[in-house]
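Worksheet for the structure shown next.
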Amino acid sequence: METEKFKEEIEKLELKRNKLLDEIIKIEQTIATLKDEKITYKNETNLIKITLRDVAKKYWVWEFEILWKSRKKEIVSARKEFIFLLRLRYKYTFEKIANILWWRNHASILYLYNQYLENDNKNKNSKTKLS
């Protein structure tokens, strides 16, 4: 009697295990197709929004302030990092970044990008000098 119940329980568990394995295979297939998928406009917009949100959180500013014309030091620093990340992560041209920051031209984007790189190099040099 107990052995029959035990066998039934084992069969139920094996069925659940097989269902879970099927779901895992479906998820892995979905991940594989997403990796192969090209970035569409909608995905690209979401990636920009995610990057903007992350930078805004890091600098404790509003997202719209990064996109707006404010010249406050913390906002300009956040804007520089946002530009740098768009260039680094997504290989955007300065002109495309200028289109995202609709009130800028590509020359001002290039200027901010170079400032960010200079400040980054200064910080690295000062850290190496201290250690």
Unmet criterion (only one of (1) surrounded by fewer than 19 Cβ atoms within 10 Å (Cβ to Cβ); (2) at negative phi; (3) at pLDDT below 90) for Lys91: (2)
Residue pairs, Cβ under 8 Å, 6 or more apart or interchain, first in segment 35-57 and within 26 Å of Lys72 (Cβ to Cβ), second at pLDDT 60 or above and small (Gly, Ala, Ser). List them. Val55/Ala78; Ala56/Ala78
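So, in segment 82-116, how many residues would count as being hydroxyl-bearing (Ser, Thr, Tyr), in a helix (DSSP H, G or I) and closer than 20 Å to Asp54 by Cβ?
Filtering segment 82-116 down to residues hydroxyl-bearing (Ser, Thr, Tyr) leaves 90, 92-93, 108, 111, 113, 116.
Pick out the ones that are also in a helix (DSSP H, G or I) and you get 90, 108, 111, 113, 116.
Imposing the further condition that a residue be closer than 20 Å to Asp54 by Cβ reduces the set to 90, 113, 116.
Going through segment 82-116 one residue at a time, the tally reaches 3.
Step by step: first the residues of segment 60-88, then only those that are of a type in the set (Phe, Trp, Tyr) and surrounded by fewer than 16 Cβ atoms within 10 Å (Cβ to Cβ), then the one that is farthest from the chain's Cα centre (by Cα). Which residue is that?
The initial filter retains those residues of segment 60-88 that are of a type in the set (Phe, Trp, Tyr), namely 60, 62, 64, 68, 82, 84.
In the following step, the residues that additionally are surrounded by fewer than 16 Cβ atoms within 10 Å (Cβ to Cβ) were identified as 60, 62, 64, 68.
Values: Trp60: 17, Trp62: 17, Phe64: 18, Trp68: 21 Å.
Among those that are of a type in the set (Phe, Trp, Tyr) and surrounded by fewer than 16 Cβ atoms within 10 Å (Cβ to Cβ), it is Trp68.
The values are calculated or read from the model by the stated rules, or taken from the named source; none is laboratory data. The shown structure was predicted, so the numbers you read here are calculated from the model rather than taken from an experiment. With ideal geometry, Cβ positions are generated from the backbone for all residues, glycine too; neighbour counts draw on all protein chains shown.
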